[in-house]
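Notes to accompany the following structure.
The values are calculated or read from the model by the stated rules, or taken from the named source; none is laboratory data. Treat the numbers as computed from the prediction; the structure is a model and nothing was measured. Methodologically, a virtual Cβ is constructed for each residue, glycine included, from the backbone with ideal geometry; neighbour enumeration extends over all protein chains shown. Heavy atoms of the whole protein, side chains included, go into the accessibility calculation; ligands, DNA and RNA do not. Shrake-Rupley method; radii C 1.70, N 1.55, O 1.52, S 1.80 Å.
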Amino acid sequence: NDLKNGIVRFIGSSEKRIKEDYLRIIRFFRFFAQYSKTDFNKETIQSIKKNINGINQISKERIFEEIKKILSLKNVYVLFSNKNSREIFINIFPQFKYYERLKFFNSLDKGTKNYYDYKLILALLIIDNTNDYEFFCYKYKISNEIKKIFKSISLNYNQLKNKKFYSETNIKKLIYFTDKNTVRNILLFSGCANNKFKSEDFKNILSYVNNCKIPRFPISGDDLKKNYGYESGKELGKKLKYLEKKWIENNFTINKEFLKKSLN
């Protein structure tokens, strides 16, 4: 009957069930977001608040596994739009201070939402122009893969309000220096963090990333040695870096006359 009516509650005494495993506090909210059709039971909320410090007894790995499942829910914002669950979540995870960004995520169409995974939702909750996210990573022993995503977003954070950042030229440069997945994550984060993209804009910009051909520097050290008399060493390396820089600045093209003049 509870399943049919969308009622989520503990079996028997909520306090007893919680004390058996304090992780059930977080798990309760996951089930609530997935299945509930009613508001929270006051008694349950009181039991959770009374025993919330018990979460400190749970390993960080178990807590993070549960958080991954919660942040993978497409309607995760419901936990932050509800006053009771928001208050408890922010108590447990004070780093989740940018939960309002999920409001924009919640407004996206299903197809666009599918681009997001729990890692990006977590980034939306915690990343700003500081390195505070590093403490969360340390506390919950976050994987190097997630740290890399967070770092790439953090490094570009201050540029995300600059219109030029979203030009095809700049996006191509970002892809060249990193990879498509990294650039895609930065753009998806920016869309919700800045609340500036429409779904159609998302689709167009992501389509460009997906179809963009990664530039390949057309000059090698062997070319310089074979055709221009260079020998292996620092001078060769410096010249290659200089030419690559000019090639990038010129939107990944290089003029033959410029090349001839540069190599004398």
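Output the residues belonging to the range 208-254 that are within 27 Å of the chain's Cα centre (by Cα) and open to solvent by 50 Å² or more (accessible area, probe 1.4 Å). Within the range 208-254, Y208, N210, N211, K213, I214 qualify. For the range 136-159, residues that are open to solvent by 50 Å² or more (accessible area, probe 1.4 Å) and not aliphatic (A, V, I, L, M) total 12. Filtered by the rule that a residue be open to solvent by 40 Å² or more (accessible area, probe 1.4 Å), among the polar types (S, T, N, Q) and touching a residue at least 40 places away in the same chain (Cβ under 8 Å), the range 90-113 gives no residues.
Table: residues versus (1) open to solvent by 30 Å² or more (accessible area, probe 1.4 Å); (2) assigned to a loop (DSSP other than H, G, I, E, B); (3) among the hydroxyl-bearing types (S, T, Y).
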{"position": "I88", "(1), (2), (3)": "no, no, no"}
{"position": "Y115", "(1), (2), (3)": "yes, yes, yes"}
{"position": "I121", "(1), (2), (3)": "no, no, no"}
{"position": "E134", "(1), (2), (3)": "yes, no, no"}
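Against the conditions (1) among the acidic types (D, E); (2) touching a Ser or Thr at 6+ places or on another chain (Cβ under 8 Å); (3) under 18 Å from I186 (Cα atoms), where does D109 fall short? Just the number, please. For D109, the failing item is (3). The residue that is farthest from R62 (Cα to Cα), among those in the range 136-155 that are under 14 Å from the mean Cα position of the chain (by Cα) and part of a loop (DSSP other than H, G, I, E, B), is S143. Report, by residue number, each residue of the range 231-252 that is among the β-branched types (V, I, T) and more than 14 Å from F177 (Cβ to Cβ). Answer for the range 231-252, where residues must be among the β-branched types (V, I, T) and more than 14 Å from F177 (Cβ to Cβ): there is none.
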